[in-house]
Structures are given as C-alpha cells and as structure tokens.
Amino acid sequence: MDLLSVTQTDGAVLASAVLVALALDRSFGEPPARLHPVVAMGHYLGTVGRRVSRAAGAVPRPGAEFWLGALGWCAGAALVAALAWAAGWLMQTLHPLDQAALMGVLLKPLLSWRMLRDEVRAVEAALAESLAAGRQRVGWLVSRDVTHLSETQVREAAVSTLAENLNDSVVAPLFWFAVAGLPGAALYRFANTADAMWGYRGERGGRDWTWAGKWAARVDDALSWLPARLTALLIALPTVGRGWSAVVANAGRTPSPNGGWPMGALAVGLGIRLGKPGVYELNAQGRAPLAGDTAQALRRCGQVVAMLSMVAASVLVGALA
C-alpha cells in the first residue's frame, strides 16, 4: 500500500470515528460514571490535587507548589496520552471499519454536546418555574455564587457557559483529535479537566490553588487558544461579514484569553448582552437575554455541531473518492 493510500485510509478512519462519536453522543449521551474516562481523570486530579496544593491559610510555598502542580499534571497527562496511544496502536491490526467504530466509541466520552445542551435547557425550564429554581439549576453549571443572581443574570450565566463549553467540550476535543488522533483528544480533555479543578486564583474547596494550579491553567490556555477562535468563527458564520470586528473587540474583555471569543461571538450574533457581575460584560449595547434567546443560542450552537459533522462527512467522502 503506497503512502497516499495509507493517508487516505487514516483520514477516512478519523472522519468516520468523529461521525460515530457524534452519533453516539446524540443517541445515548454520557456513558456510566464507572466507565467514563473523564471521571477517572477527575479522581486522579482530586487525589493528586490534595497533595500538591496547600491548605487554605497555610504558609505559601510558591516555588514548591508550582513545581509539584506541574509534576502532578505532567504525570497524569503522560498516563492519559500513553493509554490513548496504546489503544490506537492495538487497533492498527483491525479492519478500517472496525477501527473507525472502536475509535468512535473511545472518542465519544472525550466530547459532550448532548449533556451541555440538556443542562442549559434545564436552566431555562427551571427559570420558568421560579427564580429560586433557576438559580439552583445554574449552580450546577458555574462555580460562582448564584444566591443573589437576577433572572437575567441566571440566563446570562447559562448562555455564557453554553458558548464557552461548546469549545471546551466539542470543538477543541475534535480539533486535537484531527491534529493528533485519540492521544490528542485525550490529552486536551485531561488539560481542560485539570484547569476546571486546579486552575483557580486563591482558595477553593479548602485548598489554595494560586501556585499549584498555575501550570494547569496555562497549559489549558495554550491548548484552547486556536480552538476557541475557531469556535467563535463557526458561531459567527451566519453574520461574520457584519459582526466579526465586534466579536474581536469583545473577546479581550474577559480574564480568560480564550473564553471571550465564543461568548462574544454568541452575544454579538444574537444581539444580547452577556456578563458576569464585577468581572466582564460582552456586547454591552445589546439587550438583556430573554427565554427565546436561550433557545436561539442552543440552535446556533447546534448548527456548529452540525457543521463539524458535515466537515467530517466531507473528509470521509474525499478519502473514499
């Protein structure tokens, strides 16, 4: 088999695996927790995190905490990447159709659109019952204090989470899968999970992460840099000619170097304001989001997932032609 044939076969397998993973996500959602690799990553990070971070109020040791955090992160990342590489290596002897099916099954837990969509819908449904129910439900999605959020702020938090996690949970894992196969997607998911658990400035959960979580936060920023901008472009495609400059102008208004891109694109695209009290405000001239805007945001993000499916299908057709 010549090099071109090998490349075409690999491209067909990767594209087919993406389609399988997205189909599994659409049909079944998340696998059981006991079988979920991201849950296993969380267990590792929780165990190691208690050892590399300091207790709240203890004497800071910036250098030691930083390097312990970096070492703990690297050890976990190496293990995750090695396991994903081994899985791919073991599949090499299988027929390409079997490779695609199995790789899609392994890729699915590393991305999550259905759960994100359903959780954002649940916030809107809870708001329809009462503000208290909406606050409680959005507390499942964000780490901020939701006790005093208004109805508008609850909705802004849900829609912002939708935009940011469209990148973290769908676009970025598929981007790194296209670049580096299963190890790329697995490594990104580990980095993103580590940032969610360790990447804080100050105290959380009785531990101080100022230094211990700095490595995790910076690596996630680096790995998310290009996918976040790609996500913003995909969200903005229907209005990119009219609103891209506004997306760019809003993207730098968040503390995160990446989160402002998909959030800004969704805010500008829908003509709404998205903000976090005392932290940032995106598309400040926009109107406050209403219940219908949540549905529209879900449709826009669903279109992005559909576009990714079409890209994978196009790659598959091209590889087989």
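The values are calculated or read from the model by the stated rules, or taken from the named source; none is laboratory data. Small disclaimer: the values here were computed from a predicted structure and weren't measured. We place every Cβ from the backbone using ideal geometry, glycine too, and count neighbours over all the protein chains shown.
From the list Gly199, Gly181, Gly213, which residue is in contact with an Asp or Glu (Cβ under 7 Å, 6 or more places away or on another chain) and closer than 30 Å to Leu106 by Cβ? Please lay out each step first, then the result.
Details: Gly181 fails: in contact with an Asp or Glu (Cβ under 7 Å, 6 or more places away or on another chain); Gly213 fails: in contact with an Asp or Glu (Cβ under 7 Å, 6 or more places away or on another chain).
None of the other options fit; the residue is Gly199.
Filter the range 157-207 for residues that are more than 13 Å from the chain's Cα centre (by Cα) and closer than 19 Å to Trp113 by Cα and give the result.
Of the range 157-207, the ones more than 13 Å from the chain's Cα centre (by Cα) are 157-159, 177-184, 197-207.
Once the filter is applied, which keeps residues that are more than 13 Å from the chain's Cα centre (by Cα) and closer than 19 Å to Trp113 by Cα, the range 157-207 yields Ala157, Ala158, Val159, Phe177, Ala178, Leu182, Gly184.
Looking at (1) under 20 Å from the mean Cα position of the chain (by Cα); (2) touching a residue at least 60 places away in the same chain (Cβ under 8 Å); (3) loosely packed, with under 14 Cβ neighbours inside 10 Å, which is the only condition Arg50 fails?
So Arg50 meets the others, but not (1).
Please specify each residue of the range 271-302 satisfying the condition of being touching a residue at least 24 places away in the same chain (Cβ under 8 Å) and assigned to a helix (DSSP H, G or I). Can you show your working first?
Initial filter on the range 271-302 (touching a residue at least 24 places away in the same chain (Cβ under 8 Å)): 272-277, 279-283, 288-291, 293-298, 300-302.
The answer is Ala291, Asp293, Thr294, Ala295, Gln296, Ala297, Leu298, Arg300, Cys301, Gly302.
Could you pull out every one of the helices (runs of 4 or more DSSP H) wholly within the range 159-270 that has 2 or more residues that are in contact with a helix residue (DSSP H, G or I) (Cβ under 9 Å, 6 or more places away or on another chain), modelled with pLDDT of 95 or more and not polar (S, T, N, Q)? I'd like the intermediate steps shown before the answer.
On the way: elements: 172-198, 214-236, 240-251, 260-270.
Those helices (runs of 4 or more DSSP H) span 172-198, 214-236, 260-270.
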